[in-house]
1. Counting only GluC sites (Glu not before Pro) that are in a DSSP loop and have at most 13 other C-beta atoms within 10 Å, tell me the longest site-free stretch of the chain.
2. When the Cα centres of region 231-287 and region 143-170 are compared, how far apart do they sit, in Å?
3. Quick one: work out Rg over Rh on the C-alpha atoms of region 49-182, Rh as Kirkwood radius.
4. Short version: ³J(HN,Hα) in whole Hz for each residue of region 57-65, in order, from phi by Karplus 6.51 cos²θ - 1.76 cosθ + 1.60 (θ = phi - 60°), x for Gly and Pro, what are they?
5. Which percent of Cα-Cα pairs in region 202-243 sits in each 5 Å bin, short to long?
6. What residues qualify as long-range amide H neighbours of Ile260, i.e. H under 5 Å apart, gap of 5 or more or another chain, H built at 1.01 Å from N?
7. Percent of alpha carbon pairs in the chain separated by more than 36 Å?
8. If neighbour count is taken as other Cβ atoms inside 10 Å, put Leu64, Leu50 in order from fewest to most.
Amino acid sequence: MPDHAEIVTAEQVRLSDAEVAAYRDKGFIIVENIYSPGDVQRMRDALDELIATARGVTEHTDVLDLEPSHTPDHPRVRRIKNVVASHPVFEEMLNQPNLIAVLKDLLGPNLRLHGSKLNMKAADYGSPVEWHQDWAFYPHTNDDVLAVGVMLDDMAPENGPLMIVPGSHTGPTYDHHQDGRFVGGFDIEAAGLDVSPAEMVTGPAGACSFHHVRAVHGSAKNTSDRDRRLLLYQVAAGDAWDIRGMPTEESWDAYSATFIAGTPTIEPRVVPAPIRLPYPGPLRGGSIYESQTIMTSKTFGAIEDT
Ligand SMILES: O=C(O)CCC(=O)C(=O)O
């Protein structure tokens, strides 16, 4: 009888060597069969519960980031922040064996949840996200850090899918500052970056993308009549420590509790990578949408009040 750790269910998803190589080469991959239609429905139901809490709300909260056109009577939510802590279904789906197996194939046996959120991009008005690198927000001691994008709707070119510049994860860390303050996005012309090779991350509901923390990515406004809801889990290798705030004696237990596989280490792995810190912080904080609002050079245009 194998012990519990050795039991692998018949439908366990694992990546092929070619898929791992594609992730290393391009900086992202899409995997289709991690979540079942039933899982997707449970996540949509949980999300509906969270969105319902926006009725009567007048300002962003610790959980809700609101569209500019939100009103208390006609709630329009742009993002659920810290979604794993906001509803147990999203914690359960984080620990789904298929997801953990794929994360181990990409990052190794020790895994830490670094953050989570759910970006809505509702039909007709869902806000764009300007080109950026997650690394500019949270540089680590090494770059074995990625974001999982769980598609809660079918994603197609017309509903504002994530777009990623292949190979950009091995390039520079771009200047995400404007007038000396972090704005959470960068001017691709000033940076001399050609984004025309960018690929759209499309797929059926339930599919997942895995994008490297240094990959340049963004997404356009949703102009279609279909929602585009994307759940994002940010996951780090267990020996990648966030440079902005190392664990301390006081925070060690809370830090250890963020592990979703394996165990913490007291030996952070340090691998040189171009680092820029997000300081001084944005004039408008709370979410990437807010910090990018004041960018003067945008690719995807203004976040409209419509
Ligand atoms: O939702 C999107 O299309 C982009 C998400 C993203 O890159 C982010 O929130 O950092």
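Values in this text are rule-based calculations from the coordinates and carry no lab data. Predicted, not measured: the structure shown is a model, and the values here were computed from it. Cβ atoms come from the backbone with ideal geometry, glycine included; neighbour counts cover every protein chain shown.
1. 60-248
2. Centre-to-centre (Cα) distance: 21 Å.
3. Using only Cα positions, Rg/Rh for region 49-182 is 0.97.
4. Result, ordered by residue: 7, 9, 9, 3, 10, 5, 10, 9, 10 Hz.
5. 5, 13, 22, 24, 17, 9, 7, 3, 1
6. Those lying under 5 Å, H to H, from Ile260 are Leu111, Arg112, Leu113.
7. 13 percent
8. Leu50, Leu64
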